[in-house]
Amino acid sequence: MTGIAHAPPRVGVEVAPEGAPAGASGLSPEEYAAVGAALRRAPNTVELRCFAVMWSEHCAYKHSREVLRRLPTRGAGVLQGPGENAGVVEIGGGWALVWKMESHNHPSAVDPYNGAATGVGGIIRDVLAMGARPIALLDSLRCGPLDDARSRRLLAGIVGGIAGYGNSIGVPTVGGELAVDPGYRDNPLVNVACLGLVRTDRVVRGRADPPGAVLLYAGARTGRDGIGGAAFASAVLDERAEYEDRAAVQIGDPFAGKCLIEATLQALETGRVRGVQDMGAGGLACAAAEMAARADTGVVLDLYRVPLRERDMAPHEVLLSESQERMLLVTSPEDVEILAAVYRRWGLEAEVVGRVTDDGRFRAQFDDALVVDLPADLLTHAPARHVDPVPVPDPAPLAARGIAAEHALLRLLATAELAGKAPIYEQYDHMVQVRTVVRPGRDAAVLRLPEVAPAGLALTVDGNGRWCAVDPYGGALATVLEAAANLACAGAVPLAVTDCLNFASPEDPQVFWTFARAVEGIADACRALGVPVVGGNVSFYNEGPAGPILPTPVVAMVGLVPDVTTAPTVPQDDNLLVLLGAADSGLGGSLYAREFCSSLAPGFHRPNLHTAGRTLSCVREAVQRRAVALAHDVSDGGLAAALVECCLILDRGASVTLPGPVDTGALFGEEGTRVVCVVSPDDLTELQSLAATHDVPLSVLGHLEGDRFRIAGPDERVAVDLSLGRLRRAWMSLGCEAG
Amino acid sequence: MIWGVVTFPGSNCDRDCVHVLRHVLAQDVREVWHEERSLSGLDAVVLPGGFSYGDYLRAGAIAATAPVMDAVRTAAGRGVPVLGICNGFQILTEAGLLPGTLLRNRHLRFICRDVSVRVESARTPFTQRLDNGAVLRMPIAHAEGRYTASPDVLRLLESKRQVVFRYCDPDGQVLPAANPNGAARAIAGVCNRAGNVVGLMPHPERSAEGPLGSTDGRQIFESVLLAIAGVR
C-alpha cells in the first residue's frame, strides 16, 4: 500500500498491491501499468476486478477492434449499426427488424445445458434492449464427431438447453445448422441469433442520459453465478474447465426471462423509458459503464440497493455477477413508480440502484463507502492489442482415394452436416407466435409479418470451418454467399448480416492472420451484395487440450420476402431439374475431402462475386415470380447432395444426366454459387429468359421421376442408382441422442 | 359473442389465441389476467398454451391454484364453453376440471410437429361443427403430453364419450406409429362429463390460417360460434 496518490475513499476494500496481481486478474503487465498511469494511483481490488472483466477480450474486442473496422456497417434503412445492444434496420410501414447473434461457446463446453440456455436468454435480452419483441431464433452448433459418446452428450445438452429456454419463453427457433470436427470436441460452438420486431418510433438505446435520471434495476435477483464469466470466455479452456469453471457459468430461469420480456415491452409502451441495457457479460458494472460511456455521462451505483438472492455478497460480486434475466433502465425520478409497478405485476424486482451524473465517472458505493471511482470511458476503452499477422501457408494438395460414388453419397448424407435435422428442430417450438410460413429444414426459414403484410422475412445462418481452414478469405466470402443463396431460394432480398467470429487464440500470429483474412472475406462479400453488418461478436480462445478449432466465422442473414401469402407451386412428376450458375469442380474444403481424403487440402476456388451476384438475382426473381417450384443451393456435399435433398423434400425420385464427366469433383465439389431448381416444363422458357437476362449459365440436368435417384454421364454410364428409400434412411440417421 | 383468453405468467400462446379470435374470426376478446376473480359476461374461455409459472413443480400445477381458476370453475359449472390448449389442458387436469393427467412424453423430449387427430366426440361445443371420424391436421408442441388415467377412468371416458380427439395417421387410422407421445389409448383431448370443458394437446390456433399450413384448427373455434348461436 505504498506510493498511492489520489487514493479514493474506501472502507473495507483492500488496495491491490502494486504490479503483483496482474496475472491473477487476467490483465497483462502492460495493461495493469496503463490502468495505474491513467488513474495516477493503483486500483483497489474491486476496481481491478472490474478492469479484468471490462478489459477482457470478450467485452473489449482488444485484438479484433481494428480488423472489424473493415466491415461495411451502413446501408439503406440501417437505423443502428454495431456498438449498441443489437442492429436495427427499417423494413417499411413504420417497422424495423432487430438482428443480433452471439456466441456462448465456453459456458456450453463446461455446462452444455445451462451454457446454451443462457446463450438464448442473453441474445434475447439484447434484442429486447432495443425495444423489440423477439420473434425468432436461429442456432448454429458445432461439436466433435457424433460417433463419440461425449460429443453426443454435449450436443444433447446444448440442444436441450436451447429448447428448454427458447420454448419456454415463446420465441420460436426456426432454423440453424450443425457441423462436426475433432477440433470442436472440447470446445463446442453455440452461436444463437435472435430476430426482433419494433416500431421505428419505439427504438430505444443503451444510453445513461440525461444527468439527474435514475438507474432502475429490473428483473430477477442477483446471485453469485457467472462471476467473471466474460473473463472466463476470454481464456483457453483446459482439462479441468468442466469441473473448475462452473461458477463462471450462469444459470438461466426461462420463466423469469419470459416475464422480463413482457414486463419490459409493457414498460416501454409507457413511453417513460429513456434508455435500456441488459445486464449480460460483465453484469451491472458493464451495463452501467457502457451506458454512461455512450452518452458521455457518468453514473453512481448504490450497490446495497441491488436485490440479492444470497446474503453477504461482496461489492465486486454484486457489480460483476452475470445472473440472468436482469435489465437496467434509465428513467426520470418521477416515472420510477410507474415502471416499477409494471415489473412487480410480473413478479419481478424493480429498484433504483443509482443515478446518472455529468462528471464522466463510474462510481459505486457500498454501505456508504465509495468502492469504485473510475473514469467511465477508461473502463470501456481497453487499449488495443496488436499482433503481427503471419500467413498460414497453403496446404499441400493430396489425392483423393477412389470411392464408389454411391457409397460416398450415402455416407455423406449420413454426416451431421447433411443429415436431416428433424431430431434437433423437433425439440424446438418453431411455430409459436404463428408467423412461421417456411419451417426448419429448408434453405431459409420464412416468417410472415402481418404488421407489413403481405411481406415477410427470411432468415438463415451459415458457417463453414472446412472452407475457411483451406482458405480463410475465400471460405468466409463463400459463407456470406451461401447465406445469400439460401435467402435467394426463399425469394428474399438481403437486408442485414450479423456474425459470430469463432477463432482460437488471437495471440497466435497465424490465427490472427486467419481471423483478419476471414473478416476481409466477409467485408468484400457483404460490400458486393450491398448488405450491411449490423452487429455480432468475436469469440477467441476457442481451443481445447487437443488444439484449436477450425476458423469458423458464422454469418446470419435476414432478408425481405415481398409476398409470403401466395401458395407455392406443387411439383409434378415431369418437373425438370435445372442448375443455375457454374463453378470449377474442385474438392477443396469439401465434406467429401473430409470424409475420404487424408486432409481438407486440395485447393479452394474462390467464388467470383460478380457471377455469384448475378446468379442470386436470377434465382430470387425466379422464386418471386413462382417460375420455380423449389430452389435449393449447392453446398455441403456438392451437386449430388443438393439433387438428393430436392428429391427428399419433394418425396420423388429423379433421373439426372450431367453434361460433363461424372467424377468426384462434379458430384461432390462445393465451389461456386449454384442453385438447383425444380421447374415445370411450362415455366422453363421463363426461367431461360431470366437466366439470359442475368447472364447466368443454365443447364437442364434431368427430371423428377418414380422412386429411384439416378445420375449418369453424357456417355450414359450410370454413376448413381439408388432407391429414394435407401437415400432417406441414410439421411435420417442423425445420431444426437445422449449416451 | 365475447371470448376470454387467460394469461398466466409464463403463458406464451395467449397472444396467438387472441390473434386468431380477433383477426381471423372477428370475435370480441377480453384478455384476462390470472389474478382476476370474475369471468362474468364471457361466452367462452380459452386457457392457452405455454409454460405457466415456468411449469415449475409440475406442468400446470401452480396455475391451477391461481385466483382466476375459481372463476373458471364457476363459469364451467354454468355451462360456459372452456377450452384448454396444451398447457391449458394441463392446467384443467391439475385443477380437477378434467379427468386424468399429462405425463412426460414417452421419449422424454419436447416434440414440435404436425400430427393428425380424429374427432371422437362431436357432442362438445368445440367439435359440434365436425363429424365423428373427421381428421384434423394440427401441430403439437409439448414435453408433457402423454395422457394417462386409471383403467377405470379410461373405461368411463370411453363409455361416456369423453374422449374428444385421438392421434391417428392422415387417413384416420389409430396406429401406434401415429401416437407421438405414448398417450393412453392415443388420447389427444378429452372433455368433462357435461361436455363444455375440453382440453387438447394440439394447437388449433396454429392451424387456423392457410399460410401456416392448415386451417383445420379453425373449425374448433368456429364450432363454438355455432354452439352459442344455437343456445341463443
> Dimensions of the range B:1-117 along principal axes (Cα, Å, largest first)?
Replying inline: 42, 30, 25
> Once the range A:555-635 is represented by equal point scatterers at the alpha-carbon sites, with solvent omitted, what log10 I(q)/I(0) does the Debye formula produce at q = 0.14, 0.25 Å⁻¹?
Replying inline: -0.70, -1.25
> With a ≥ b ≥ c the root eigenvalues of the C-alpha gyration tensor of chain B, is it rounded (a/c under 1.5), prolate (a/b larger than b/c) or oblate?
Replying inline: rounded
> What does the highest-first list of A:358-369, A:503-514, B:185-196 look like by mean Cβ count within 10 Å?
Replying inline: B:185-196, A:503-514, A:358-369
>> Using a Debye calculation, one point per C-alpha and no hydration shell, please list log10 I(q)/I(0) for the range A:317-418 at q = 0.22 Å⁻¹ in order.
In response: -1.31
>> With a 1.4 Å probe and all protein chains left in place, how much accessible area per residue does the range A:576-731 have, in Å²?
In response: 37 Å²
> Using a basic spin-label model with each label point 7 Å from the Cα along Cα→Cβ, how many nm lie between A:D368 and A:E269?
Replying inline: 4.4 nm
> Mind listing the phi-derived Karplus ³J(HN,Hα) values for the range A:647-660, rounded to whole Hz, using 6.51, -1.76 and 1.60 with θ = phi - 60°, and x for any glycine or proline?
Replying inline: 5, 5, 4, 8, 6, 9, x, 7, 10, 10, 10, 7, x, x
> Which of A:V35, A:V159, A:A408 sits farthest toward the positive end of the charge dipole of the protein assembly as shown, with +1 on the Cβ of Lys and Arg and -1 on the Cβ of Asp and Glu?
Replying inline: A:V159
>> Taking every DSSP beta bridge with both residues inside the protein assembly as shown, roughly what % is antiparallel (nearest 5)?
In response: 75 percent
> So what's the projected area for the protein assembly as shown, the Cα convex hull averaged over all directions, in nm²?
Replying inline: 38.3 nm²
>> For the range B:2-229, give me the percentage of DSSP beta bridges that are antiparallel, rounded to the nearest 5 percent.
In response: 60 percent
> Between chains B and A, what is the buried accessible area in Å², counting both sides, with a 1.4 Å probe and ligands, DNA and RNA left out, to the nearest 100?
Replying inline: 2400 Å²
> So if R0 is 25 Å, what FRET efficiency would A:D707 and A:A582 give, r being the distance between their Cβ atoms, rounded to the nearest 0.05?
Replying inline: 0.25
>> How big is the dipole moment of the range B:2-229 about its Cα centre under a simple scheme where the beta carbon of each Lys and Arg is +1, that of each Asp and Glu is -1, and everything else is neutral? Debye, nearest 20, please.
In response: 540 debye
> Can you work out ³J(HN,Hα) from phi for every residue in the range A:179-185, in order, using Karplus 6.51 cos²θ - 1.76 cosθ + 1.60 and θ = phi - 60°, giving whole Hz and x for Gly and Pro?
Replying inline: 9, 10, 5, x, x, 8, 4
> Quick one: Cα centre-to-centre distance for the range B:202-216 and the range A:421-446, in angstrom?
Replying inline: 15 Å
> Using helices alone, what [θ] at 222 nm do you get for chain A, with -39,500 (n - 2.57) per DSSP H run of 4 or more residues, divided over all residues and rounded to the nearest 500?
Replying inline: -10000 deg cm²/dmol
> Once the Cα gyration tensor of the range A:450-523 is diagonalised, what are the square roots of 5 times its eigenvalues, in whole Å and ordered largest first, as equivalent ellipsoid semi-axes?
Replying inline: 30, 12, 8
> Per-residue mean of other chain beta-carbon atoms within 10 angstrom of the beta-carbon, peptide B:107-114?
Replying inline: 6
> Which one of A:A476, A:G441, A:T460 is farthest out on the positive end of the charge dipole of the range A:432-482, using unit charges on Cβ (Lys, Arg +1; Asp, Glu -1) and the Cα centre as origin?
Replying inline: A:G441
> What ratio of Cα Rg to 2.2 N^0.38 Å holds for the range A:73-153?
Replying inline: 1.37
>> As an exercise, take the mean of 1/r over every pair of distinct alpha carbons in the range B:80-125, invert it, and state the Kirkwood radius in angstroms.
In response: 12.8 Å
>> Under the rule a/c < 1.5 gives rounded, and otherwise a/b versus b/c splits prolate from oblate, where does the range B:43-176 land using the Cα gyration tensor?
In response: oblate
>> Restricting things to Cα coordinates, could you compute the convex hull volume per residue of the range A:576-731 in Å³?
In response: 103 Å³
>> Taking beta carbons within 10 Å but only from partner chains, what does the mean come to for residues A:431-444?
In response: 5
> Across peptide A:625-635, how many C-beta atoms of other chains are within 10 Å of each residue C-beta, on average?
Replying inline: 0
> Any idea which of A:L587, A:V679, A:S723 is furthest toward the positive side of the dipole for the range A:576-731, if Lys and Arg beta-carbons carry +1 and Asp and Glu beta-carbons -1?
Replying inline: A:S723
>> Cut-off under 28 Å on the C-alpha distance; same-chain residues fewer than 8 positions from A:K62 excluded. Which lysines are left, in chain and number order?
In response: A:K100
> What full-extension length gain, to one decimal in nm, is calculated for A:D563 and A:Y304 as 0.36 nm per residue of separation minus the Cα-Cα distance?
Replying inline: 87.9 nm
>> So, R0 is 35 Å and r is the distance between the beta-carbons of A:I649 and A:R153; what FRET efficiency does that work out to, to 0.05?
In response: 0.70
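The values are calculated or read from the model by the stated rules, or taken from the named source; none is laboratory data. Because the structure is a prediction, the values reported are computed rather than measured. For neighbour counting, all protein chains shown are included, and Cβ atoms are generated from backbone atoms with ideal geometry for every residue, glycine included. Areas reflect the complete protein model, heavy atoms only, side chains present, ligands, DNA and RNA absent. Shrake-Rupley method; radii C 1.70, N 1.55, O 1.52, S 1.80 Å.
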